Each structure stands twice: as C-alpha cells, then as structure tokens.
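Let me begin by presenting the structure, written as structure tokens, before commenting on it.
The values are calculated or read from the model by the stated rules, or taken from the named source; none is laboratory data. In this text, all values refer to a predicted model and were calculated from it rather than measured experimentally. Cβ placement follows ideal geometry from the backbone for every residue including glycine, while neighbour counts extend to all protein chains displayed. Side chains are part of the model used for accessible areas, which takes the heavy atoms of the whole protein and leaves out ligands, DNA and RNA. Shrake-Rupley method; radii C 1.70, N 1.55, O 1.52, S 1.80 Å.
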Amino acid sequence: MPLSVYMDVHVPLAITDGLRRRNNDVLTSQEDGTSEMDDEPLLARATELGRLLFTQWAQLVSLHFFEHSIDRLLGAGRRH
C-alpha cells in the first residue's frame, strides 16, 4: 500500500527519490512552497493534506507533537 508522504526540507533527496521509486505519493516542502516554514506549522500542513510528515529534526519528534498529531488525525474528544 503506497504512502502519502510530506518531506521536510532537511530530508536527503536520495530518500525522497527512493520512496518515489517504490510508488509512494511524495510531496516535498520545496514543491509545496513551505521550505521556510517552522516545524509546527509544517506538521499542521502535512496533517491538512492527509500526509505523513517525514523529517530528520529531532525536536519535531517530541511527545508533544506526536500527541497533538494523533489527536488531530483521530479527532480527539469525539464520542463513539
């Protein structure tokens, strides 16, 4: 199953090319015009587009951002 991935500007081109060769749907921040965007808005943009954010910035992979992303993706607070 192909992934829909949003690549941060810091990810090497070889990784982006490899994902594309494997038929994944890859959009880079450069292609989207967001290469100067800060981490949290970049995560929000990827989420808005329904894409997995691929980044190498360790600060972004904090528990705060992880929880925030999961909540947004799963619609936290919804009652079933």
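Spot the failing condition for PRO2; the list is (1) at pLDDT 95 or above; (2) in contact with a strand residue (DSSP E or B) (Cβ under 8 Å, 6 or more places away or on another chain); (3) of a type outside the set (D, E, K, R), and only one is missed.
Of the numbered conditions (1) at pLDDT 95 or above; (2) in contact with a strand residue (DSSP E or B) (Cβ under 8 Å, 6 or more places away or on another chain); (3) of a type outside the set (D, E, K, R), the odd one out for PRO2 is (1).
Got a sec? Which of THR34, THR47 is touching a Leu at 6+ places or on another chain (Cβ under 8 Å) and assigned to a loop (DSSP other than H, G, I, E, B)?
Within the list THR34, THR47, the selection yields THR34.
Show the residue pairs meeting these rules: Cβ distance below 6 Å; 6+ apart or different chains; first residue within segment 18-45 and under 14 Å from LEU3 (Cβ atoms); second residue of a type in the set (D, E, K, R) and open to solvent by 30 Å² or more (accessible area, probe 1.4 Å).
VAL26/ARG20
Please work out which residue is modelled with the highest pLDDT, limiting yourself to segment 31-73 and to residues that are open to solvent by 90 Å² or more (accessible area, probe 1.4 Å) and under 22 Å from LEU13 (Cα atoms).
GLU31
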